[in-house]
Amino acid sequence: MELLNGSLVVMPPIGIRHAAAVRRINKLFVVRFGDFCEVDVQSPMQLDGKSEPQPDLLLLRPGITDDLVRPVPVDVLLLVEVADSTLNFDLTDKRDAYARNGIVEYWLLDLTQDQLLVFRDPAGLEYRSEAVLRGDEEVTPLCFPDTSVKVRELLP
């Protein structure tokens, strides 16, 4: 279950492809970014007084995992959700909540189409920048402008 927008949302069980993608991204992020930030996997974060989602992966400011607090939006460098059965929810309710709370960069790995949706520049309830990437196309996290990731590296 997740708390989002004041409602408890029952989340479906994590499938094998979803779990494999999370493990793969975690390993990649630890190797590429782990010396410069905290990599957090499927842990709760505090968005606002009505939302405490559990994103699949977070890149967090250094040292946050040493604190006995839940990360808040200002701690988040990059937020990643992996979606198959939850795609519509992640594209609407979660995306809107992340934008509304100022999550600077939100990646949604769509396992139904083997593509990465990249949302940046939050403004109100939406992101002003959206991109869809596939295969060998690359994305460079805003927080690490010297390091790019190919979409295929994220897919199981």
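Every number in this text was worked out from the coordinates using simple rules, so none of it is lab data. Please read these numbers as outputs of a predicted model, since none were measured by experiment. Backbone-built Cβ (ideal geometry, glycine too); neighbour counts: all protein chains shown.
Observations on the structure shown:
- Near G15: Cβ cut-off under 15 Å, other residues only, Lys/Arg at +1 and Asp/Glu at -1. The net charge is -3.
- Reach of K150 by Cα under 21 Å, taken over lysines that are not fewer than 8 positions away in the same chain: K27
- Simple Cβ-charge dipole of the chain, Lys/Arg +1 and Asp/Glu -1, about Cα centre, in debye nearest 20: 200
- Extension gain, E138-I16: 0.36 nm per intervening residue step, less the Cα-Cα distance, totals 41.4 nm.
- Calculated P(r) of the chain - Cα pairs past 21 Å, %: 40
- Expected 222 nm ellipticity per residue - DSSP helices of 4 or more, -39500 (n - 2.57), all of the chain, to 500: -5000 deg cm²/dmol
- Summing charges over neighbours of V139, with a neighbour being any other residue whose Cβ is under 14 Å away from its Cβ, gives -3 when K and R count +1 and D and E count -1.
- Between the alpha-carbon centres of the range 77-145 and the range 1-29 there is a gap of 14 Å.
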